[in-house]
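For reference, the structure discussed in these notes is given below.
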């Protein structure tokens, strides 16, 4: 397991593929399209499995905020509802 900042995800994915490792990378997997292309090229070239996911967003603390909002948007307070100009 390797933990790093978002801007390192693409580089570390390519390096892990070169080292013969399969990779699970959290989003954002890359910042630029070219980085994503290099990740795909490395996975294919070195025959590695690369999976992108959102693990940190599946924890209990991430699920809690959805309970704060009503299922029906019309039940929201006027201050929480965007005006037509804001939409």
Being surrounded by 12 or more Cβ atoms within 10 Å (Cβ to Cβ), touching a strand residue (DSSP E or B) at 6+ places or on another chain (Cβ under 8 Å), at pLDDT 60 or above and assigned to a loop (DSSP other than H, G, I, E, B) is true for just one of 48, 31. Which residue is that?
48
One residue is enough: does region 6-19 have a residue meeting the conditions modelled with pLDDT of 95 or more and outside any helix (DSSP H, G or I)?
yes
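The values are calculated or read from the model by the stated rules, or taken from the named source; none is laboratory data. This structure is a prediction, so every number in the text was calculated from the model and none was measured. Cβ coordinates were reconstructed from backbone atoms using ideal geometry, including for glycine residues, and neighbour counts include every protein chain displayed.
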